[in-house]
Amino acid sequence: MSRMATRLRNASFATLLGLCASSAFAQTPAEFINDASAKGMADIEASRLAHQKTESKEVKDYTIVVINDRTTANQHLAKIAKQLDLPVAPREEVVGKAKGLMPEVQDGASFDQAYAASQVKTTQDAIDQLQQEAQTTDVPEIKAFAEETLPKLQNHLQMARALQAGR
């Protein structure tokens, strides 16, 4: 592995560890909405890229489900923020954070494999975050969002694991 690839992998790993550590602490409703929205946007963009790059029908089908579900979830989060009159991060800030969360996936034959593996990881992280939020929040709208969104993400995880096993 090249030195640059090793550094990139290590930096990505360190970033993920930091994100996981930060999610262990309770978030305010606004922090949760901003964080979940950024992760959703990163998932949408990674899936759009995968949809363009892959030749696999299974991967294309999966990306469509992810894009649709995560777009709907982000729209729901925006409505909750407006309903609760929460201060949310400017769109540019959320987009910037989403770009930083997108996994680095190489081109070529191993693209689908790397995408599937990243989806397993990021989807499990999103599930963990929603489960924690559902258990700790005292905001009924956020609790309902988490309970509504969890089954969809669990379906994504099952699909991503099947993609990963099939590669």
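Could you look through region 1-57, keep only residues that are aromatic (Phe, Trp, Tyr) and part of a helix (DSSP H, G or I), and pick out the one that is modelled with the lowest pLDDT?
Of region 1-57, the ones aromatic (Phe, Trp, Tyr) are 13, 25, 32.
From what's left, part of a helix (DSSP H, G or I): 13, 32.
Values: Phe13: 42, Phe32: 93.
Among them, the one singled out is Phe13.
Evaluate the following for Ala134: is it at pLDDT 90 or above, among the aliphatic types (A, V, I, L, M) and farther than 20 Å from Ala50 by Cα?
Answer is yes for this residue.
Suppose the filter is more than 15 Å from Ser56 (Cα to Cα) and not in a helix (DSSP H, G or I); does Asp125 pass it?
No: the conditions fail for Asp125.
Go through (1) assigned to a helix (DSSP H, G or I); (2) modelled with pLDDT under 95; (3) farther than 15 Å from Ser56 by Cα one by one and return the number of the condition Leu150 breaks.
That leaves (2) as the condition not met.
List every residue pair whose Cβ atoms sit under 6 Å apart, with the two residues 6 or more apart in sequence or on different chains, where the first one lies in region 49-69 and is free of Cβ contacts under 8 Å to residues at least 24 places away in the same chain and the second, anywhere, is in a helix (DSSP H, G or I) and surrounded by 18 or more Cβ atoms within 10 Å (Cβ to Cβ).
Pairs found: His51/Thr63; Thr63/Ser47; Thr63/Ala50; Ile67/Ile44; Ile67/Ser47.
Of the numbered conditions (1) touching a helix residue (DSSP H, G or I) at 6+ places or on another chain (Cβ under 9 Å); (2) under 21 Å from Ala30 (Cα atoms); (3) at pLDDT 95 or above, Gly100 satisfies every one except a single condition; which is it?
So Gly100 meets the others, but not (3).
Restricting attention to region 103-116, which residues are of a type in the set (A, V, I, L, M, F, W, C), in a helix (DSSP H, G or I) and modelled with pLDDT under 90?
Hits for region 103-116 are Phe111, Ala114.
The values are calculated or read from the model by the stated rules, or taken from the named source; none is laboratory data. From a predicted model like this one, the values you see are computed outputs, not experimental measurements. Methodologically, a virtual Cβ is constructed for each residue, glycine included, from the backbone with ideal geometry; neighbour enumeration extends over all protein chains shown.
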